[in-house]
Structures are given as C-alpha cells and as structure tokens.
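Just below is one structure, and these are the notes that go with it.
The values are calculated or read from the model by the stated rules, or taken from the named source; none is laboratory data. Keep in mind it's a predicted model, so treat the numbers as computed, not measured. Cβ sites come from the backbone with ideal geometry, for glycine too, and all protein chains shown count toward neighbours. Keep in mind that these areas ignore ligands, DNA and RNA; they rest on the heavy atoms of the full protein, side chains included. Shrake-Rupley method; radii C 1.70, N 1.55, O 1.52, S 1.80 Å.
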Amino acid sequence: MTTTQLEAPVMTVRLFARIGADTRYVLTGFPIGIAALTVSVTAFSLGLGLAVVWVGVPILVAALVAARGFAAAERRRAGAVLGQDLEDPVYRTGPALHRLADPRAWRDLAHAMVRFIPNTIAFSFVVAWWAGLLGGLTWAAWGWALPNGPDDHDVTYWLGLGESYGTSVVFYLVTAVVFGATLPLVVRAAARLEAGFARALLGSRPR
C-alpha cells in the first residue's frame, strides 16, 4: 500500500473528527450563551439598581466574577477550535471598587451579554445544514406520511419537477448530497465565527 493510499483514510478520519468537534462546539455554545446572558444581565441589572445604596456593589462584583468564569471556559473551548491555547489575563484583586475598575473584567461581562449573537447565527446554520443532510437522506422513509391533500404540494411541485414520490426521493437525495458536500465548510465557518468573536472580545493571546 502506497503512502497516498494510507493518507486518504487518515484525512477522512480527521475530516469527520473536525466536523464533529466543530458541531459539538457550536451546539453546546448556544445553551451556554443563553445561560451566560441570563446570569450576567440579571446580576448586572440588580447590582446596578442597588448600587446607590451600596448593596449593589458586591452584586456587581459577583456579576464580574460569574462573567470571568464563563470567559475562562470559553477560552478553553475557542482555543480548541482555533488550534491554539488562549491565555487567561491577569485580573485586579483587592477591594470591590478596585475590581470594578478592571477593564478586563468588564470585557468579560460584555462578552457574556452579547455572545448570544454569534451563538445564534452559528447555531442556526449548523442545525439547518445537519437537518438538510439527515432529512434528505431519510426522506424516503418518512416522506410518505406527510399530508397529501389537493392543496398540499411538495417542493418539487413548485420547482416544476412534478409531484411523484420517486421524483421527490431523488430530489431530496440530491439535496442531501449538496448539504453533505458543503457541511464541512459551513460548520467550520460557524465554529470559527463564534470562536473568533470570543478571541476578539476576550482579548486572548496565543501562548
């Protein structure tokens, strides 16, 4: 067996591993982003509202600490996608007011509040492409159960291809091939969008 013949299976395995890693990163990032948004916005709003009576100051510090935890976890996750270790910054310590003056901590909080934007975009594309691939491949097994009344038309009808079951099966198989061929590019782009946003806002640097 030649070197080229040996490299092909290895590259295939690496490709599937990359697709799986990128998909896992994006899909798990969505609920984490929602949790980060909920915790950070709730704590920050409560702390800011009570800051006038000083009760809110420790709550604001707690919000920054929580955001730091989310930021640290995201640096690990994003580093795996970007192929580099992302360094944790040095935070200010000491009294509460000193910690509140740390710009690094506020950037972490900002990331926790707005990360849902790239999370949602990336999540939508990854879910749509996987749905298109899996749905197209399996359509023949469940497509017959869809409503088939006089006003119910398949996509093939609107494309002028007819409405026979065989035509629909072939159409969705071709669609699945298109989604499958572009899946590695889409999930990679989605993962890098989310990871790149984290690197830019969290200010991580390669070690």
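Being under 30 Å from residue 180 (Cα atoms) and either assigned to a helix (DSSP H, G or I) or open to solvent by 70 Å² or more (accessible area, probe 1.4 Å) (or both) is the requirement here; does residue 123 meet it?
Values: under 30 Å from residue 180 (Cα atoms): yes; either assigned to a helix (DSSP H, G or I) or open to solvent by 70 Å² or more (accessible area, probe 1.4 Å) (or both): yes.
Against the criterion (under 30 Å from residue 180 (Cα atoms) and either assigned to a helix (DSSP H, G or I) or open to solvent by 70 Å² or more (accessible area, probe 1.4 Å) (or both)), residue 123 qualifies.
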| query | How many residues are of a type in the set (Ser, Thr, Tyr) and either open to solvent by less than 50 Å² (accessible area, probe 1.4 Å) or under 30 Å from residue 192 (Cα atoms) (or both) when one looks only at the stretch 126-169? | reply | 4
| said: When you check residue 34 against the structure, is it surrounded by fewer than 17 Cβ atoms within 10 Å (Cβ to Cβ), at pLDDT 85 or above, of a type in the set (A, V, I, L, M) and within 14 Å of the chain's Cα centre (by Cα), yes or no? | reply: yes
| Among the residues of the stretch 157-175, how many are in contact with a Phe, Trp or Tyr (Cβ under 8 Å, 6 or more places away or on another chain) and in a helix (DSSP H, G or I)? | 5
| Just one of the numbered conditions (1) within 27 Å of residue 190 (Cβ to Cβ); (2) open to solvent by 40 Å² or more (accessible area, probe 1.4 Å) is not true of residue 79; which one? | (2)
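Look at residue 99 and say whether it is part of a helix (DSSP H, G or I), more than 27 Å from residue 130 (Cβ to Cβ) and open to solvent by 70 Å² or more (accessible area, probe 1.4 Å).
Values: part of a helix (DSSP H, G or I): yes; more than 27 Å from residue 130 (Cβ to Cβ): yes; open to solvent by 70 Å² or more (accessible area, probe 1.4 Å): yes.
Criteria met by residue 99.
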| Failed criterion for residue 194 (all others in (1) open to solvent by 30 Å² or more (accessible area, probe 1.4 Å); (2) among the acidic types (Asp, Glu); (3) within 19 Å of residue 23 (Cα to Cα) hold) | (1)
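Give the stretch 137-156 a look and list any residue that's touching a residue at least 12 places away in the same chain (Cβ under 8 Å) and either assigned to a loop (DSSP other than H, G, I, E, B) or hydrophobic (A, V, I, L, M, F, W, C) (or both), or say none. Before you say what the answer is, go through the steps one by one.
Pass one, the stretch 137-156, residues touching a residue at least 12 places away in the same chain (Cβ under 8 Å): 137, 139-140, 143-144, 154-156.
Passing the criteria: 137, 139, 140, 144, 154, 155.
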| query | Of the numbered conditions (1) at pLDDT below 80; (2) within 23 Å of residue 27 (Cβ to Cβ), residue 147 satisfies every one except a single condition; which is it? | reply | (2)
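Any idea how many residues of the stretch 88-123 are touching a Phe, Trp or Tyr at 6+ places or on another chain (Cβ under 9 Å) and over 30 Å from residue 59 (Cα atoms)?
Our first condition is that a residue be touching a Phe, Trp or Tyr at 6+ places or on another chain (Cβ under 9 Å); within the stretch 88-123, this holds for 99-100, 102, 104-105, 108-109, 111-120, 122-123.
Now drop any that are not over 30 Å from residue 59 (Cα atoms), which leaves 122-123.
Residues in the stretch 88-123 being touching a Phe, Trp or Tyr at 6+ places or on another chain (Cβ under 9 Å) and over 30 Å from residue 59 (Cα atoms): 2 in total.
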| task | May I ask you to list the residues in the stretch 93-136 that are closer than 30 Å to residue 172 by Cβ, in contact (Cβ under 8 Å) with a residue 40 or more places away in the chain and of a type in the set (Gly, Ala, Ser)? | result | 122, 132, 135, 136
